[in-house]
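Working notes for the structure below.
The values are calculated or read from the model by the stated rules, or taken from the named source; none is laboratory data. What you are looking at is a predicted structure, and each value in this text was computed from that prediction instead of being measured. Positions of Cβ are backbone-derived with ideal geometry, glycine not excepted, and every protein chain shown enters the neighbour counts. The area values use the complete protein model at the heavy-atom level, side chains included, leaving out ligands, DNA and RNA. Shrake-Rupley method; radii C 1.70, N 1.55, O 1.52, S 1.80 Å.
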There are 2 protein chains.
Amino acid sequence: MDDLEQTRALMAVTPGWQVQAEAAGLDDATVTAILSEAAKFAEGVLAPLNPVADRTGCRLQDGRVATPPGYAGAWLRLGQDGWLSMDLAEGAGGQGLPLTLHAAAAPFFEGAAMAFMMLAGSTRAAAHLLTQTGGAVAAEWVPRLASGDWTATICISEPDAGSDVGRIRTRAEEVEGGWRITGSKIWISFGDHDMADRIGHLLLARTGPASAGTRGLSLFLVPDRTDSGARNGITVTRIEEKMGLHGSPTCALSFAGSEGILLGEAGRGLPQLFRMIELMRLQTACQGLGIAQRALAIARSYASERLQGGPPDAPPVPLGSHPDVRRQLLAIAAPTAVLRALVLELSTLMDGDEGLAGYLLPLAKNFGAETGFQAASGAMQVLGGAGYTREWPVEQLLRDARVIAIYEGTTGMQAQDFLIRRLIRDGGQTLGRFLDRARAGVAACRDEAARDTATAVLDRFDALSRDLLAGAASPELAADGYLRAGWLAVTAWLACRLIEAGSEREGRFALHDLSERMAGAEALCHLPAWV
Amino acid sequence: MDDLEQTRALMAVTPGWQVQAEAAGLDDATVTAILSEAAKFAEGVLAPLNPVADRTGCRLQDGRVATPPGYAGAWLRLGQDGWLSMDLAEGAGGQGLPLTLHAAAAPFFEGAAMAFMMLAGSTRAAAHLLTQTGGAVAAEWVPRLASGDWTATICISEPDAGSDVGRIRTRAEEVEGGWRITGSKIWISFGDHDMADRIGHLLLARTGPASAGTRGLSLFLVPDRTDSGARNGITVTRIEEKMGLHGSPTCALSFAGSEGILLGEAGRGLPQLFRMIELMRLQTACQGLGIAQRALAIARSYASERLQGGPPDAPPVPLGSHPDVRRQLLAIAAPTAVLRALVLELSTLMDGDEGLAGYLLPLAKNFGAETGFQAASGAMQVLGGAGYTREWPVEQLLRDARVIAIYEGTTGMQAQDFLIRRLIRDGGQTLGRFLDRARAGVAACRDEAARDTATAVLDRFDALSRDLLAGAASPELAADGYLRAGWLAVTAWLACRLIEAGSEREGRFALHDLSERMAGAEALCHLPAWV
């Protein structure tokens, strides 16, 4: 089953999807045609960019960022062909399709050219955010973001404010006719580039006192050029040199009295950003899935073509005929398939059940990251020495994938979110809804052994959660183990769905040692205080 | 406890070490002085080479390899200061010290400049090999390898013979007065360079028919220049472009009728290479340990200096004061300390109990590799975005470390060796001796809880091994799980030694979830046949 077939088969058994497809008037043939086009676009237009961008990188020239050859043309086509705007409303330049359809297509794009797609991620997310905040600014910006004529960034981090957003010092001052922004922002992907006419920075700045923490932050749109076309006081002070993702310029920006447009209510900047952050976290899951599916495809192809080993007096056999290599490939394929099922489930929930979607997002974010990185590393192991060279694309996948667990909220931040916000502060309510949904899915699985394992793992997760709710461990110390336990619970649930969708080997392999892994995660939730 | 203190404390409780130290007339002060000098040499001479070599790389110029600036001078000092020859016999230009002392010093060198030290690894190992094969060639070469005036490589792999050594096609033909070698070899570290006067290639070539497999292979010394100083028909056809280890030129070499000297007996090439391979596998463990200890040191230092988080109305606190960051650091420190204990144990056994040393080598090789890589990745996670940039040395450590699990026998090869050769073909005899030794070590531990956990884990490993000896699973499919089980058994044993040596936190953390991890490894040993 190839990636497209597995995607289609999983969509067919993702409960929310059929409802959304019907509501959108989408029949199977149309969905398949759209996803086939996405895969074709990914291979034909995006994939050729990736190795070139990795080698060329982005350069700061005369104060502006120069992107790799081919980028501007590919961006134009991405917008023109509608891949940025599928799930935006028709009135706003979009096609009014479900988010799930975007999420089903995105891994093909991300696997082909993750660095390039960083611009699509923030531009899309900004269009959705502006749709929510509304008004004249949305009417002006959303259609242009939807077409790719203009692009957008998200500006949160500062040299002394990373995960601790409350320490943001960039200031917004109200003047006659608007706001002026002054300060420094770092880690801004595509903070500048030469691929479109205008860049809008979605930026958190302080409008209240420092002592107010995040409640003193407001959200602004800060264009790189004013309406008159003049530069808006924004300087690119640096492009980061990174281990990978060279095709995505990570900029440090300085704002000196730049004109900004207040979005929504002052002091409500951070909560207003959530829709954008959620969409970008969904993207990280798609990135991990894209990297994983591409790494797997390369490893499978290499294993079928490379001849090695076998009896010395006979011709060598395909690498993939060795049992340990088959095992290695399945050890990549199984979590990749689980992640695919989660991305589809999550994206349907984001259009329907935000509570449950918020519950699954930290899991999708972190295990998208880890699955992608481990798949790239596992594929490299299948290729051996060849995989360590730049002759093969796997080493770039590994370098690119490593950042996913760091940006958009590190593993540590996702773990705190999952345990403290989604479980403890929530009093276990959403946990209960998650377990109901997961157990219903498991109960529908025809495979009795799979059902038994999955049920046992979900029961253990339930019990562990109740323990932690009852204060059985220090939340800060238990958070990482609990995040891992959550992923194992999701794996139990969605492995059963994989079996239903015809990916039996992946589903059963994912379940094989799941109880033992859950026991390990439980142990990590109960670390001694001296740690 | 810093790396040097932990090394000294572990040596004191490594049973074989005291015997060897006495035999060599080494008192504590001398050992400490030697290791302090090693650490100083590593920081002062080697560490500055590493980032430069990573950026500059090695270039093929007019058919010869140009190494990074500073390499030639550092190599001269490495030889002159005696760091290549500590454990060679005094008569052969060495200092007659125990191998363990070399293994205790090596991680400092490897962590400072792993790529540069690749040349030391093969040169040292060749000197030991030639000492064994003896004769005039040893008398000529060993002292010059010991001083670094000449260097050596190991040439095994060919384009169509990687892990399957029996398919080697490079031919040796006997002519009047010697042998002529013709063929292609790949993955030759420092196959050419500009750091010394002469390079000797320790090379496997076919003297018997292809059908004889490895029994048709003989071992040759093939100098890059003949005694008259003329080039010996060897061409560098390529330097590999790799993800990391740029400071180590990985060469493809072509031999065209090159003069070679037969070492030992024809047809016994592979077994004769074993001493060299064993020393190079010990080096891989030291590489992993070196990378891990350096990554940990950087992460600790960053965590103590970088201020982040804490109550928003108070100044930010050191990153390392957050419980999850403490946990992350300990999760790097614990396996690193276990690996250090294993390197010391293994190196004492290599001078005394070769059977047990051979049993531990695949574990040290593979979990050296994995511990180093995971430590680098874990350190990157502590540093966050900074760690992903080239401003910090962690990303180089990660890129460099990834190759260790690939070269000198992949994980898959180590796993087959450990299960099929060291357990099944051995009938469990060495397993029994390993368990006796490990249980004696555990019994001597004062910490009752540690003793109980470790004993239970060793009992499980014992039972699992008996199951596999009895044919309970397909060895090829079980090998990876069994290799992991072996490492957990070693961890159980040596975590107790860590506690004895005063590294209580590392030892206890390593034991915390060990039973659960052993259960996971057991499950992986019993994969269903459809995998």
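Assorted remarks:
- Cα shape, the range A:152-266, gyration tensor, a/c 1.5 rule: oblate
- Förster radius 45 Å - calculated FRET efficiency between A:ALA33 and A:ARG231, Cβ distance, rounded to 0.05: 0.55
- The ellipsoid that matches the Cα gyration tensor of the range A:271-318 has semi-axes, each √(5λ) in whole angstrom, of 45, 6, 4, with the longest given first.
- The calculated P(r) of the range B:221-340, using every Cα pair and 5 Å bins from 0, goes 2, 8, 10, 11, 12, 12, 9, 7, 7, 6, 5, 4, 3, 2, 1, 0 in percent.
- Accessible area in the full protein assembly, largest first, 1.4 Å probe, for A:MET1, B:MET114: A:MET1, B:MET114
- Sorted from shortest to longest, the distances between the A:ALA89 label points of this copy and the other copies are 8.8 nm, with each point 7 Å from Cα along the line through the beta carbon.
- Candidate residues A:SER211, B:SER254: accessible-area rank, largest first, probe 1.4 Å: A:SER211, B:SER254
- Centre-to-centre separation between the Cα atoms of the range A:162-204 and those of the range A:321-359: 35 Å.
- DSSP beta bridges fully contained in chain A are about 85 percent antiparallel.
- Heavy atoms of B:ASP28 accessible to a 1.4 Å probe, total area in Å² rounded to 10: 100 Å²
- Rounded to 10°, Cα long-axis angle of helix A:475-500 versus longest principal axis of chain A: 60 degrees
- Distances in nm from A:ARG437 to the matching label points in the other copies, shortest first (labels 7 Å along Cα to Cβ): 5.3
- Residues listed by number, the range A:493-531, amide nitrogen under 11 Å from A:ASP467 label point at 7 Å toward C-beta: A:519-527
- Apportionment of accessible area to carbon and sulfur, the range B:151-267, percent (1.4 Å): 46 percent
- Surface composition of the range A:418-531: carbon plus sulfur atoms hold 48% of the accessible area, using a 1.4 angstrom probe and ignoring ligands, DNA and RNA.
- Nearest-10 value in Å² for the accessible area of B:LYS40, using the 1.4 Å probe: 130 Å²
- By the equivalent-ellipsoid construction on the alpha carbon gyration tensor, the protein assembly as shown comes out with semi-axes of 50, 32, 29 Å, ordered largest to smallest.
- Shielding by partners for peptide B:512-525, expressed as the average number of C-beta atoms from other protein chains within 10 Å of each residue's C-beta, is 5.
- Between the range B:293-320 and the range A:109-126, the Cα center-to-center distance that results, in Å: 32 Å
- Carbon + sulfur, % of accessible area of the range B:274-409 - ligands and nucleic acids excluded, 1.4 Å: 55 percent
- Simple Cβ-charge dipole of the protein assembly as shown, Lys/Arg +1 and Asp/Glu -1, about Cα centre, in debye nearest 20: 380 debye
- Structure-based [θ]222 nm, chain A - -39500 (n - 2.57) summed over DSSP H runs of at least 4, per residue, nearest 500: -18500 deg cm²/dmol
- Total accessible area lost when A and B pair, probe 1.4 Å, Å² to nearest 100: 5900 Å²
- Legend: residues A:THR348, A:THR56, sorted from most to least accessible area (1.4 Å probe; ligands, DNA and RNA excluded), read A:THR56, A:THR348.
- Shown for B:ALA24: label points 7 Å from Cα along the beta-carbon vector, and their distances to the equivalent points in the other copies, 6.9 nm in ascending order.
- Counting only Cβ charges, +1 for Lys and Arg and -1 for Asp and Glu, the dipole size of the range A:152-266 around its Cα centre is about 240 debye.
- Efficiency of FRET between A:ASP2 and A:LEU76 - r from beta-carbon atoms, R0 45 angstrom, step 0.05: 0.95
- 1.4 Å probe accessible area per residue over the protein assembly as shown, in Å²: 34 Å²
- Overall Cα dimensions of chain A, principal axis frame, Å, largest first: 78, 57, 53
- Inter-label distance, nm, simple model (7 Å from Cα along the C-beta direction), A:ARG433/A:ASP197: 4.2 nm
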